[in-house]
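> Take a look at the following structure, please.
The values are calculated or read from the model by the stated rules, or taken from the named source; none is laboratory data. On a predicted model such as this, the values are computed, not experimentally measured, just so you know. Note that each Cβ is placed from the backbone with ideal geometry, even for glycine, and that neighbours are counted across all protein chains shown.
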Amino acid sequence: MREISRKEMLGLLAAATLLPGSCAQARSINKKIIVIGAGMAGLTAARKLQDSGYSVEILEARNRAGGRMWTDTSLGIPLDLGPAWVHGAEKSNPLASLVRQHSIGTFTSDSDSVALYHGGREISDASYEAIDEATQDFMESARRLKKGASAGESMERTLDELPEDESALVQMGVRWNFASEVEIELAADAKELSLKYWDEDYAFSGPEWLLKPGFGALAQKLAAGLTIRTGVSVKTVRKTATGVGLDTSAGSFECDTVVVTVPLEILRKGAMRFEPGLSQKKLHALKRMRMGTMNKVALAFDRNFWPAEIHRMGNLKEGPIMEYWNMAPVHGKPVLVALSAGSFARSLEAMSEPGIQDLVLSDLRSMFGKVPEPRGMIRTKWYSDPYTGGSYSMIAAGSSVEDFETLADPDDDRIFFAGEACNSRYPGTLHGALISGQKVAEHIVSNA
């Protein structure tokens with residue numbers, strides 16, 4: 001029998017505390033805690049605190065629990081409009097352990113299963129090889145630039161390293177790979193991203209999972225047994241003589257401790273006031289930090305006109321870049337999901353639904369020729385969403401990992417902060433939000 005490593009055991013223990021009733025309630029603690037936000041961090045913190053004997057209530061501005069975990073089924077399959085992957089599903093990843101313990105079905109996606117097109121046909125094997133080699137050289141050059149970069153330098157500087165001595169096709173292929181691996185993954189343009197702190201975060205190893213029923217199913221399981229008031233927006237978090245007062249759209253609330261898990265942009269734009277105000281150190285960190293935008297456009301068709309077994313696809317051309325993920329291997333249905341990021345993703349939000357459908361179809365037709373009209377479409381607008389102001393945090397030029405640590409610092413023993421933007425090791429990830437919520441709850445419990 002294989003022994004479980006310490007790293008794996010820590011991951012299993014972290015996930016075990018999120019199962020309803022998983023922690024024996026040794027005593028009831030006469031303190032009330034309000035958690036603001038029912039996303040991954042909020043649900044995680046609330047579960048741990050409730051199982052530790054606290055009276056816990058979650059206030060959520062949306063009309064549902066889950067936050068950015070949002071699964072849509074209008075196209076006939078579960079599609080995650082927010083986070084879609086368990087990144088690095090090794091046993092020490094508490095998110096992967098949680099999925100296993102709840103027996104949620106998964107599909108292993110393969111980013112190496114890719115087809116690139118140019119001029120209406122798939123590129124040749126020789127072109128793939130040339131693009132791969134040139135991409136490796138380009139990324140090595142980018143990492144050399146990173147070593148001497150200042151805090152204010154952006155990744156736009158790396159674009160000067162694109163191979164000028166290669167063919168136009170290879171140059172477009174390298175640029176597409178960079179967009180996929182950096183800009184779309186980090187939800188921002190190169191000019192927005194920090195060069196100095198690029199690739200500084202940690203990552204779990206193992207396969208990349210999609211959840212077959214979507215992350216909404218996991219959110220429902222995490223919310224089971226918790227007291228959640230939906231449709232309640234918190235306007236002010238106010239320290240009182242003995243605790244914390246909250247002014248909300250549903251009236252006033254009082255508690256001993258509050259855990260704030262709202263997205264970064266809500267704090268950045270001051271949509272939630274704090275009395276007295278946040279520390280100058282935290283305000284300066286918020287001024288430097290940024291929320292990225294990664295949007296999705298999903299199109300459902302009556303049949304596949306693309307290779308049904310390929311996982312992702314791209315069009316090598318000049319101009320804005322989209323990355324297509326094929327849902328046929330996951331659900332057996334002809335559905336494509338187009339990913340976009342940064343300024344292009346934000347610009348798409350201003351377009352009408354017919355306009356954005358025509359744009360995506362035009363791109364697909366330049367790849368495959370004749371393309372039928374879709375039978376349905378859904379799109380996201382994370383940047384203009386009043387509850388998020390973007391998709392997830394990224395390390396912006398001028399910011400640093402220390403800013404994420406500063407945001408995570410508690411205001412005192414009454415006001416705490418959690419979320420993916422409060423995790424300097426795993427920023428911008430769902431497992432980062434989970435770990436952050438768990439960490440705050442453990443701090444409160446251990447210092448009671």
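> Would you pick out the residues in the stretch 370-400 that are farther than 21 Å from I184 by Cβ, at pLDDT 95 or above and not acidic (D, E)?
Correct list: V371, P372, P374, R375, G376, P386, Y387, G398, S400.
> Okay, moving on. Please name all residue pairs, on different chains or six or more residues apart, with Cβ atoms under 6 Å, provided the first residue is in the stretch 87-98 and is part of a loop (DSSP other than H, G, I, E, B) and the second residue is among the polar types (S, T, N, Q).
Listed pairs, sorted by first residue: G88/S205; E90/S205.
> Looking at (1) under 22 Å from G419 (Cα atoms); (2) outside any loop (DSSP other than H, G, I, E, B); (3) not hydrophobic (A, V, I, L, M, F, W, C), can you tell me which one E140 breaks?
So the condition that E140 fails would be (1).
> Name the residues in the stretch 274-295 that are surrounded by fewer than 22 Cβ atoms within 10 Å (Cβ to Cβ), under 25 Å from the mean Cα position of the chain (by Cα) and not aliphatic (A, V, I, L, M), would you?
Scanning the stretch 274-295 gives K282, H284, K287, R288.
> Collect the residues in the stretch 34-58 that are surrounded by 24 or more Cβ atoms within 10 Å (Cβ to Cβ) and either modelled with pLDDT under 95 or in a strand (DSSP E or B) (or both), keeping them in residue-number order.
Within the stretch 34-58, I34, V35, I36, V56, I58 qualify.
> Next up: Which residues, taken from the stretch 165-210, are hydroxyl-bearing (S, T, Y) and more than 20 Å from the chain's Cα centre (by Cα)?
S167
> Return the only residue of A441, A421 being in contact with a Lys or Arg (Cβ under 6 Å, 6 or more places away or on another chain), in contact (Cβ under 8 Å) with a residue 12 or more places away in the chain and not assigned by TED's automatic domain parsing to the domain that holds M322.
A441
> List, please: which pairs have Cβ atoms under 9 Å, are six or more places apart or on different chains, and start with a residue in the stretch 247-261 that is buried (at least 18 other Cβ atoms within 10 Å of the Cβ) and end with one that is among the acidic types (D, E) and assigned to a strand (DSSP E or B)?
Close Cβ pairs satisfying both conditions: F253/E57; F253/D247; C255/E57.
> Oh, and also: Here is a list of conditions, (1) surrounded by 14 or more Cβ atoms within 10 Å (Cβ to Cβ); (2) modelled with pLDDT of 95 or more; (3) part of a loop (DSSP other than H, G, I, E, B), and E405 meets all of them except one; can you say which number that is?
With (1) surrounded by 14 or more Cβ atoms within 10 Å (Cβ to Cβ); (2) modelled with pLDDT of 95 or more; (3) part of a loop (DSSP other than H, G, I, E, B) applied to E405, the lone miss is (3).
> Okay, next question. When the stretch 62-88 is examined, which residues are found to be within 21 Å of the chain's Cα centre (by Cα), surrounded by fewer than 21 Cβ atoms within 10 Å (Cβ to Cβ) and small (G, A, S)?
G88
> So, one more: State which residue pairs qualify: first residue of a type in the set (F, W, Y) and inside the stretch 318-331, second residue part of a loop (DSSP other than H, G, I, E, B) in any location, beta carbons under 9 Å apart, and separation of 6 or more residues or different chains.
Y324/W306; W325/A84; W325/H311
> I would also like to ask the following. What pairs come up if the first residue lies in the stretch 26-54 and is over 24 Å from T242 (Cα atoms), the second is of a type outside the set (D, E, K, R) and part of a strand (DSSP E or B), and their beta carbons are under 6 Å apart, counting only those six or more places apart or on different chains?
A38/I58; A38/I228
> Still on this structure: If I filter the stretch 47-99 down to residues being out of contact with any strand residue (DSSP E or B) (no Cβ under 8 Å at 6 or more places or on another chain) and among the polar types (S, T, N, Q), which single residue comes out as nearest to L210 (Cα to Cα)?
Per the stated criteria, the residue is S97.
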